[in-house]
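K.L.:
Before I ask anything, let me first share the structure, which is written out below as structure tokens.
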Amino acid sequence: QRQMCIRDSLCFAEGLQEGGEVHTIDNNEELKDMQSRFFEQSEYRSSIKQHVGNALDIIPQIEGNFDLVYIDADKENYSNYFDLVIDRVPSGGYIIADNVLWSGKVIEELDPKDEETRMLMVYNLKIQNDDRVQNVLFPLRDGLMIARKK
């Protein structure tokens, strides 16, 4: 999972326009040094801004808008992350959420017992019913919800 965070950050940085930035947030302080080493070895090191802590606290502190937001974090807060960023995503920008099918649990269980499944179901419905975005769900890997702001 942590290797994906590093790889994803580097891939996003590779696709940046001149002067763009990638902000990566991880709640695990113990991984900061390892991630930093990979980022520093990259030609994109100056474009990657690394944050450690609770994303709900960090996101409001990041200045500017987000052309693309990639959510792959604690499933219980996907809706909260969406709410924090939607007004800062310009028209034509994207919010991508990973793992929204949750091993099929979101479609197989009518009354899920675990909070993660329940909150992913809430998130998926939220995106489907939000008039500010168009969305498509790709059944790749564990489900990828792509929402494009109108």
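The values are calculated or read from the model by the stated rules, or taken from the named source; none is laboratory data. It should be emphasised that the depicted structure is a prediction, and the values quoted were computed from it without experimental measurement. With ideal geometry, Cβ positions are generated from the backbone for all residues, glycine too; neighbour counts draw on all protein chains shown. Accessible surface is based on the protein model in full, side chains and every heavy atom, while ligands, DNA and RNA are left aside. Shrake-Rupley method; radii C 1.70, N 1.55, O 1.52, S 1.80 Å.
K.L.:
Can you tell me which residue is most open to solvent (accessible area, probe 1.4 Å) among those in region 82-107 that are small (Gly, Ala, Ser) and modelled with pLDDT of 95 or more?
P.N.:
Here the answer is Ser91.
K.L.:
Within region 52-63, can one find any residue that is open to solvent by less than 40 Å² (accessible area, probe 1.4 Å), among the hydrophobic types (A, V, I, L, M, F, W, C), outside any strand (DSSP E or B) and within 18 Å of Leu144 (Cα to Cα)?
P.N.:
no
K.L.:
Quick check on Ser79: is it hydroxyl-bearing (Ser, Thr, Tyr) and surrounded by fewer than 16 Cβ atoms within 10 Å (Cβ to Cβ)?
P.N.:
No: the conditions fail for Ser79.
K.L.:
Which of (1) assigned to a loop (DSSP other than H, G, I, E, B); (2) at pLDDT 95 or above; (3) exposed (fewer than 15 other Cβ atoms within 10 Å of the Cβ); (4) not small (Gly, Ala, Ser) does Asp111 not meet, given it meets every other one?
P.N.:
It is condition (2) that Asp111 fails.
K.L.:
For residues in region 71-108 being of a type in the set (Ser, Thr, Tyr) and either assigned to a loop (DSSP other than H, G, I, E, B) or under 16 Å from the mean Cα position of the chain (by Cα) (or both), which is nearest to Val22 (Cα to Cα)?
P.N.:
Result: Tyr94.
K.L.:
Can you name the number of the only condition in (1) without any contact (Cβ under 8 Å) to a residue 12 or more places away in the chain; (2) open to solvent by less than 80 Å² (accessible area, probe 1.4 Å); (3) assigned to a helix (DSSP H, G or I); (4) farther than 28 Å from Val136 by Cβ that Cys11 fails?
P.N.:
(4)
K.L.:
Does Met34 satisfy the condition of being touching a Phe, Trp or Tyr at 6+ places or on another chain (Cβ under 9 Å) and either of a type in the set (S, T, N, Q) or over 23 Å from Gly20 (Cα atoms) (or both)?
P.N.:
no
K.L.:
Continuing with the same structure: Determine, yes or no, whether Glu63 is within 27 Å of Arg132 (Cβ to Cβ) and touching a residue at least 40 places away in the same chain (Cβ under 8 Å).
P.N.:
Spelling it out, it is not the case that Glu63 is within 27 Å of Arg132 (Cβ to Cβ) and touching a residue at least 40 places away in the same chain (Cβ under 8 Å).
K.L.:
Does Ser42 satisfy the criteria of being small (Gly, Ala, Ser) and either at pLDDT below 95 or out of contact with any Gly (no Cβ under 7 Å at 6 or more places or on another chain) (or both)?
P.N.:
yes
K.L.:
Please determine, by comparing only the residues of region 114-150 that are open to solvent by 50 Å² or more (accessible area, probe 1.4 Å) and part of a loop (DSSP other than H, G, I, E, B), which one is farthest from Tyr94 (Cα to Cα).
P.N.:
Selected residue: Arg141.
K.L.:
Taking region 27-50, which residues are open to solvent by less than 70 Å² (accessible area, probe 1.4 Å) and either of a type in the set (Gly, Ala, Ser) or at positive phi (or both)?
P.N.:
Ser36, Ser42, Ser47
K.L.:
Among the listed residues Asn80, Asn135, Asn99, identify the single one that is at positive phi and touching a helix residue (DSSP H, G or I) at 6+ places or on another chain (Cβ under 8 Å).
P.N.:
Asn99
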